[in-house]
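Below is one structure, written out as structure tokens; comments come after it.
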Amino acid sequence: MEKHPMTTLCYIEREGQYLMLHRVSKKNDVNKDKWIGVGGHFAPGESPEECLLREVLEETGLTLTSWRFRGIVTFFQEGYGTEYMCLYTADGFTGTLKECDEGILTWVNREDLTKLNLWTGDLIFLKLLQEDAPFFSLKLSYRGDTLAEAVLDGKALDGISPDALPAAGTGI
């Protein structure tokens, strides 16, 4: 069965840290060796929130009690296709962190995120999250692992780097 093109991704926050997943366990993983938040593909009939809650529980053992829908990220990669990702942050949860069969879960200080092996486009939306930007739409197009295009709220970003972003809330 073909995977649903809709996904969720959540950055769970705790004391200045994000819970990050180092994707080292799955075979044929487009995210192999990358660090990402937690989430996954929608199951048939799920809403974004239902997918978010299920995926976080499955991957981490945590039940979210407070979360925020932050934006839509459209990913396109040659040979992979298009994925529409509902991006969340969460700052409340219950439960005990468990081992994840997709990789290694680690709490990472927000200021250390740029030291990790991240997708280039992830740096853009992580900056938007940290600046508490209003709800956004971000399109990221890749050729292989190289970010070829970034479009924020319908406007191309020059230089395709987090430094090219305006301050949160100022528009482009």
Practice task
Report the residue count in segment 45-83 for those that are surrounded by 15 or more Cβ atoms within 10 Å (Cβ to Cβ), of a type outside the set (A, V, I, L, M) and more than 21 Å from Arg14 (Cα to Cα).
Solution key: 8
Handout entry: Counted residues, segment 85-109 - those being surrounded by 17 or more Cβ atoms within 10 Å (Cβ to Cβ) and touching a Ser or Thr at 6+ places or on another chain (Cβ under 9 Å)
Key = 10
Exercise for the section: Please indicate, with yes or no, whether at least one residue in segment 54-65 is modelled with pLDDT of 95 or more, of a type outside the set (D, E, K, R), on the phi > 0 side of the Ramachandran plot and outside any strand (DSSP E or B). Expected result: yes
Practice task
Report, by residue number, each residue of segment 115-139 that is closer than 27 Å to Gly79 by Cα and either outside any helix (DSSP H, G or I) or without any contact (Cβ under 8 Å) to a residue 40 or more places away in the chain (or both).
Solution key: Leu116, Asn117, Leu118, Trp119, Leu123, Phe136, Ser137, Leu138, Lys139
Handout entry: Restricting segment 140-172 to residues that are charged (D, E, K, R) and in a loop (DSSP other than H, G, I, E, B), the residue that is modelled with the highest pLDDT
Key = Asp153
Practice task
Considering only segment 46-87, state which residues are among the acidic types (Asp, Glu), under 15 Å from the mean Cα position of the chain (by Cα) and within 29 Å of Gly144 (Cα to Cα).
Solution key: Glu55, Glu59, Glu83
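The values are calculated or read from the model by the stated rules, or taken from the named source; none is laboratory data. Quick caveat: nothing in here was measured; it's all calculated off a predicted structure. Please note: Cβ atoms are built from the backbone with ideal geometry, for glycine as well, and neighbour counts cover all protein chains shown.
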